[in-house]
Each structure stands twice: as C-alpha cells, then as structure tokens.
Amino acid sequence: MVFMCLFLVAIGLFEYVEQHFLLSGHSFLQCDSDFALIEKRQKVTKAFIPSDLLKIVQDSKVLKPFQTVSMLEPYILNMQDVADQLISIKNLNISKTCCIQYDVSKADSVSVKQSHDNEVVHTIKVLKNGGKNIKDVQSALFQVKA
C-alpha cells in the first residue's frame, strides 16, 4: 500500500495523499456487515469456478444486490517485486502508525503520525539507496507492465 500511494503521487495523479488507520476496537464500518452477508451466503453455496464467486457476492444481498465487475488478468498488476526493490517500510512501525502522508515535495520519504491526538509528525525515508528520487518510482510503471 505504501508503494501504491508513492506511485500514485509519482505519476502525478495526486500531489498529496493522507492515509489514516482506524483505532483498534473502533473500526466497525458498513462494509463489515456487507462482508458478513457474503460469508453467510458462501457457507451455503458451493463455488467451483471464479464466476461462481461473483454469483455468491451478487446473490448475498436480496435488496439492492451488490454489483460486481470481472477483472481480466491483463489488468491485474503485481507491484510487489518492484516495491521490494525500491522501498523499505521496516522503519515505519506500521502497527503503531495512525497516519501516513505522501507528498510530491518529499519524494524519497513519507511522514507518519503515531497518535491521533498528537500532531508530532516524523519523516521517514522509504526509498532504498538505489531509488534516489520519485522518478525512480515513476519509472517502475514500465517494469510492472513488462
């Protein structure tokens, strides 16, 4: 996710991205109920091929059924290898981070907050030595498509 946000900033889709993480125990969202409906339907329905999974999702909600979109393999990108080459997130301490900020003006780093109450922001370099600037992340697009 860190690489994806850096990537979106690098290609100019966004100048700034702020990613917030919910507090433990305070994370119930409407989608949690949606996933519960799907899981309930899956328990009573067999899926043999991927299209069966789409049908399970669609049939799990009677009123206002879920809309699904089939994704074809050419549209699915695996960015993990490129991310592993260009960035390191070991210093982010993700499990204790509540907010990550990505800014086009800070191409090799991200800003993190460890508390929702506290305005202290730490800047942490995430690009590895081989990745000197945001242009390296931008050029990753061609590696991913290759």
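Placing dummy labels 7 Å off each Cα toward the beta-carbon, the span from Leu29 to Gln85 is 3.1 nm.
Around the amide H of Phe14, modelled in the peptide plane, lie the amide H atoms of Val9, all under 5 Å away and 5 or more residues distant in sequence or on another chain. Full extension of the chain segment joining Cys99 with Gln114 gains 4.7 nm, where the gain is 0.36 nm per residue of separation less the Cα-Cα distance. Here the accessible area is traced with a 1.4 Å probe on the protein chains. For region 54-95, carbon and sulfur cover 56 percent of it.
Charge tally around Cys5: other residues with Cβ under 11 Å, Lys/Arg +1 each, Asp/Glu -1 each, net -2.
Between the labelled values (i) 10.0; (ii) 8.1; (iii) 11.6, the entry that holds mean projected area of the Cα convex hull in nm² as derived from this structure is (iii). Sparse packing (at most 11 other Cβ atoms within 10 Å of the Cβ) combined with a DSSP loop state is found for the following trypsin sites (Lys or Arg not before Pro) in region 62-131: Lys90. Checking every one of the trypsin sites (Lys or Arg not before Pro) in region 11-79 against DSSP loop status and a limit of 16 other Cβ atoms within 10 Å picks out Lys46, Lys61. Accessible surface computed residue by residue for the chain, with neighbouring protein chains in place and a 1.4 Å probe, gives 73 Å² per residue. Taking 0.36 nm per residue of sequence separation and removing the Cα-Cα distance, the Phe21/Leu37 pair yields an extension gain of 3.3 nm.
The GluC sites (Glu not before Pro) of region 1-71 meeting both criteria, a DSSP state outside H, G, I, E and B (loop) and at most 11 other C-beta atoms within 10 angstrom of the site's C-beta, are Glu15. Model label points for Leu54 and Glu73, set 7 angstrom from Cα along the Cα-to-Cβ axis, are 1.7 nm apart. Ligands, DNA and RNA left out, the 1.4 Å accessible surface of region 1-48 is 61% carbon and sulfur atoms. Computed over the chain, the per-residue total of -39500 (n - 2.57) for DSSP H runs of n ≥ 4 gives a 222 nm mean residue ellipticity of -10500 deg cm²/dmol, rounded to 500.
The values are calculated or read from the model by the stated rules, or taken from the named source; none is laboratory data. The structure displayed is predicted, hence computed values, not measured ones. Methodologically, a virtual Cβ is constructed for each residue, glycine included, from the backbone with ideal geometry; neighbour enumeration extends over all protein chains shown. Ligands, DNA and RNA are stripped out before the accessible areas are found, and what is left, the full protein with its side chains, is counted by its heavy atoms. Shrake-Rupley method; radii C 1.70, N 1.55, O 1.52, S 1.80 Å.
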